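Take a look at the structure below.
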Amino acid sequence: MSKTQENLKAAFAGESQANRRYLAFAKVAEKEGKPNLAKLFRVVAEGETIHALNHLSVSGEVKNSIENVKAAIVGETYEVETMYPNFLAQAQEENNGSAGITFMGANAVEKTHQAAFVKALDSVEAGKDIEEVQYQICSICGELFEGEVPENCPICKAPKEKFYSI
């Protein structure tokens, strides 16, 4: 990998992290009654997203839908089988229960994401779009549901009121 490709990858990661960080900061500003500061954080976060997407596009990592779904499956599989199990083991070794809980929950949700992409691949490889569904996501753990949600999230036990539509 060339140094420029490494730089594009690092820039994508940095801009992506800045986006998420600024969105978290915006939520705090909202809770503190500072809606205009929250707005500033959100608008800068959007700019960071534009930068991240530009870097990713130039890097050549964005391809056609079949290749993109396959890449998503590879990424989700890595998270499920390697990344989160290793992170959880390390958190347990260090007696960091809070980190362990968040890693365990994320790993469970990543399995849902992985399954959704595996299911989508059949349609995309057949040259079709996936079936239209109403997606619901848990605002606490990120669990994904198609259609109606249960009374409580099976991952984090949040009440169904914590889900929102996408």
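With a sphere of radius 13 Å drawn around the Cβ of Ala26, what net charge do the other residues whose Cβ falls strictly inside it have (Lys, Arg +1; Asp, Glu -1)? Summing Lys/Arg as +1 and Asp/Glu as -1 gives +3. Cβ under 15 Å from Pro159's Cβ, Pro159 left aside: what net charge do those residues give with Lys, Arg +1 and Asp, Glu -1? Once positives and negatives cancel, what remains is -1. State log₁₀ I(q)/I(0) for the range 63-131 at q = 0.26 Å⁻¹ as given by the Debye formula over alpha-carbon point scatterers of equal weight, solvent excluded. One equal scatterer on each Cα of the range 63-131 leads to -1.01. Taking amide hydrogens as placed 1.01 Å from N in the peptide plane, the amide H of Glu61 sits under 5 Å from that of no residue at least 5 positions away in sequence or on another chain.
Per residue of the chain, the DSSP helices (runs of n ≥ 4 H) give a summed -39500 (n - 2.57) that works out to -22500 deg cm²/dmol at 222 nm. Residue by residue, the range 148-162 carries 3J(HN,Hα) couplings of 5, 9, x, 4, 9, 4, x, 8, 10, 6, 4, x, 4, 5, 7 Hz when phi is fed to the Karplus relation 6.51 cos²θ - 1.76 cosθ + 1.60 (θ = phi - 60°); x denotes Gly or Pro. Subtract the Cα-Cα distance of Ala99 and Ser2 from 0.36 nm times their separation in residues, and report this length gain in nm to one decimal. Result for the pair: 31.4 nm of gain on full extension.
Residues whose amide H falls under 5 Å from that of Phe163, counting only those 5 or more places apart or on a different chain, are Ser139, with hydrogens built in the peptide plane.
Straight-line reach only, C-alpha to C-alpha below 12 angstrom: list the aspartates and glutamates that Lys111 could link to, leaving out same-chain residues fewer than 8 apart. Cα-Cα hits under 12 Å: Glu76, Glu79, Glu81, Glu143.
Could you work out the relative contact order of the range 1-145? I mean the mean sequence separation of Cα pairs under 8 Å and 6+ apart, divided by the number of residues, in percent. Relative contact order for the range 1-145 comes out at 19 percent.
Values quoted throughout were computed directly from the atomic coordinates according to the rules given, and no laboratory measurement underlies them. Note that the structure is predicted; figures quoted are calculated from it, not measured. No Cβ is skipped: glycine too gets one built from the backbone with ideal geometry, and neighbour counts run over all protein chains shown.
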